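Trainee: Take this structure first; my questions come after.
Any read-out appearing in this document is the output of simple, stated calculations on the displayed coordinates, not a laboratory observation. All of these numbers come straight from a predicted model, not from anything done at the bench. Heads up, the Cβs are rebuilt from the backbone with ideal geometry, glycines too, and the neighbour counts pull from every protein chain shown.
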Amino acid sequence: MIKFNYIGSKYRILDFIIPEIWPAKTLVDPFCGTCSVSYEAKKLGIHVVSGDNLLYPYMTAKAIVENNNHFLDDGDIQFLLSQKSTGRAFDIYGGIYLTREVWDVIEAIRNGIEHITEEKKALALMALCATTIYAHSSFGTFACKTNFYDGRHLVYTREQAIGAFIKKCKQINSVVCEGSGVAVYGDAIETIKNNRADVLYLDPPYVTMLSNTNYYKSYHLLENIIQNFKLELNNNSRLKIPIKKQKVVGRSNIHKFLCDIISSAINYKKILLSYNENGIPCIDEMVSIFRNLGWNVTIKKKDILYHRTKNSKSKTGRELLYIATRA
């Protein structure tokens with residue numbers, strides 16, 4: 001599996017999670033992110049339903065969970081790199097996030113993706129989004145910095161952008177494998193209700209006293225790239241965030257959010273829930289939620305260093321895995 005910079009990725013702790021899934025035959029992962037858990041389960045021969053309510057995770061699931069035998073060949077890559085930019089992306093974002101040269105490469109590739117086969121579009125979109133993340137920031141988000149020219153970026157020129165895209169295409173090709181998987185785009189609770197499996201793996205946004213994780217705000221630019229720069233933007237926002245009515249999970253509603261999720265899991269024998277030791281709800285409250293909804297629960301713990309944050313209080317922590325079975 002290749003690692004992509006994405007908040008909450010479980011790439012580094014797969015050895016902590018996967019043993020609690022195996023030897024299940026079926027898995028539903030409705031907060032799939034970059035699909036680290038879904039993909040690893042697929043490789044083990046588990047049938048996986050991998051879903052998310054953001055387009056980048058959904059395209060990732062289509063590219064490496066649902067897809068078994070389609071690749072971007074050299075001809076596809078050269079075709080995408082031969083396309084022309086209209087300057088539309090730079091007109092929208094200006095010098096935010098990327099230089100003009102890089103914006104033109106990103107937009108040209110996106111224009112070309114409209115003309116390749118449907119089976120390969122998810123692969124190309126995943127590679128393009130991964131390139132954009134790599135080009136903008138080692139943190140991988142689009143909320144922390146607005147001025148591109150701050151000396152921290154890895155890709156400034158057209159040649160660097162092209163090289164990054166070719167590298168990402170080859171990386172993604174390298175992980176395509178045989179297996180059984182389905183990608184689902186939409187609300188997590190609907191994904192949970194509409195499917196059944198031996199194991200339900202939950203990796204919802206973490207809420208702590210220090211922060212709320214808003215994935216849409218962090219990755220809004222990828223949503224617009226996948227939509228081919230057609231989303232209506234909030235012009236009052238310096239981050240150019242698309243206008244979207246969405247449910248934001250925070251301290252005021254996290255308890256209800258988790259209760260709604262767990263109470264919807266009537267089609268499952270086992271729930272695994274990843275969370276942070278400093279999260280809200282606290283451990284005792286989370287255990288009570290499970291027990292009140294008819295589940296027995298045990299907890300595994302693993303120390304972890306979080307790279308994204310600069311806050312010393314939240315940089316180190318302990319990952320929790322709640323393991324719930326029917327009472």
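Trainee: Given a Förster radius of 30 Å and the C-beta distance between Ile304 and Lys43 as r, what FRET efficiency does 1/(1 + (r/R0)^6) yield to the nearest 0.05? List each step's numbers first, then the result.
Mentor: Details: r = 23 Å, r/R0 = 0.76.
That pair, Ile304 with Lys43, gives E of 0.85.
Trainee: Summing +1 for each Lys or Arg and -1 for each Asp or Glu, what net charge is found among the other residues whose Cβ lies under 13 Å from the Cβ of Leu80? Each step should come with its number before you reach the end.
Mentor: Details: positive: Lys84, Arg110, Lys120, Lys121, Lys168; negative: Asp73, Asp74, Asp76, Glu107, Glu114.
Neighbourhood net charge equals 0.
Trainee: If you don't mind, another one. Hey, what's the Kirkwood Rh for region 199-292 if you take every pair of different alpha carbons, in angstrom?
Mentor: 15.3 Å
Trainee: If contacts are Cα pairs under 8 angstrom and at least 6 residues apart, what is the relative contact order of region 1-95 in percent?
Mentor: It comes to 21 percent, rounded to a whole number.
Trainee: Computed from the mean reciprocal separation of all distinct C-alpha pairs, what Kirkwood hydrodynamic radius does region 165-221 have, in Å?
Mentor: Details: mean 1/r = 0.0656 Å⁻¹.
This gives a value of 15.2 Å.
Trainee: In the chain, what % of DSSP beta bridges are antiparallel (nearest 5)? Provide the component values of the computation, followed by the final result.
Mentor: Details: 22 of 38 bridges.
Rounded to the nearest five, the antiparallel share is 60 percent.
Trainee: Here's something else I'd like to know. Using a 10 Å Cβ count of at most 15 others and DSSP loop calls, identify the longest part of the chain lacking such trypsin sites (Lys or Arg not before Pro).
Mentor: On the way: sites that count: Lys3, Lys25, Lys84, Arg152, Arg196, Lys230, Arg238, Lys244, Lys245, Lys247, Arg251, Lys310.
The segment 85-151 is the longest one with no such site.
Trainee: Find the centroid of the Cα atoms in region 29-50 and in region 78-101, then give the distance between the two in whole Å.
Mentor: The distance from the Cα centre of region 29-50 to that of region 78-101 comes to 33 Å.
Trainee: In addition: Which one of Ala265, Leu125, Gly45 has its Cα pushed farthest toward the positive end of the charge dipole of the chain, where Lys and Arg give +1 and Asp and Glu give -1 at the Cβ?
Mentor: Ala265
Trainee: Another question, then. Which residues make up the longest stretch of the chain clear of GluC sites (Glu not before Pro) that lie in a DSSP loop with no more than 16 other Cβ atoms within 10 Å, not counting the sites? Write down the numbers at each step before the final one.
Mentor: Details: sites that count: Glu114, Glu178, Glu232, Glu277.
My reading of the result: 1-113 is the longest stretch.
Trainee: Based on the alpha carbons, how large is the Rg to Rh ratio for region 170-327 when Rh follows Kirkwood?
Mentor: 0.99
Trainee: How large is the charge dipole for region 167-311, taken about the Cα centre, if only the Cβ atoms of Lys, Arg (+1) and Asp, Glu (-1) carry charge, to the nearest 20 debye? Don't jump to the answer; show the numbers that get you there.
Mentor: On the way: 22 positive and 12 negative charges, 99 e Å.
So the magnitude is around 480 debye.
Trainee: Assuming a ≥ b ≥ c are the square roots of the Cα gyration tensor eigenvalues, decide whether region 87-237 counts as rounded (a/c under 1.5), prolate (otherwise, with a/b larger than b/c) or oblate.
Mentor: Since a/c reaches 1.5 but b/c is at least a/b, the shape of region 87-237 is classed as oblate.
Trainee: With the cut-off at 22 Å, tell me which of the pairs Lys10/Lys270; Lys62/Lys170; Lys10/Lys62; Lys256/Lys302 have Cα atoms farther apart than that. Walk me through the intermediate numbers first.
Mentor: Working: Lys10/Lys270 19 Å; Lys62/Lys170 17 Å; Lys10/Lys62 19 Å; Lys256/Lys302 26 Å.
Pairs exceeding 22 Å: Lys256/Lys302.
Trainee: Before anything else, pin down the relative contact order of the chain: Cα pairs under 8 Å, at least 6 apart, normalised by residue count, whole percent.
Mentor: Dividing the mean separation by the residue count of the chain yields 20 percent.
Trainee: Moving to a separate point now. Compute the signed sum of charges (Lys and Arg +1, Asp and Glu -1) over the other residues within less than 15 Å, Cβ to Cβ, of Phe16.
Mentor: On the way: positive: Lys10, Arg12, Lys300, Lys301, Lys302, Arg318; negative: Asp15, Glu20, Glu40, Asp203, Glu277, Asp303, Glu319.
Net charge around Phe16: -1.
Trainee: For Cys282 and Lys230 in the same chain, what is the full-extension length gain: residue separation times 0.36 nm, less their Cα-Cα distance, in nm?
Mentor: Extra length from Cys282 to Lys230 when fully extended: 14.7 nm.
Trainee: Determine the percent antiparallel among the DSSP beta bridges restricted to region 172-288, to the nearest 5.
Mentor: Counting only bridges with both partners in region 172-288, antiparallel ones make up about 40 percent.
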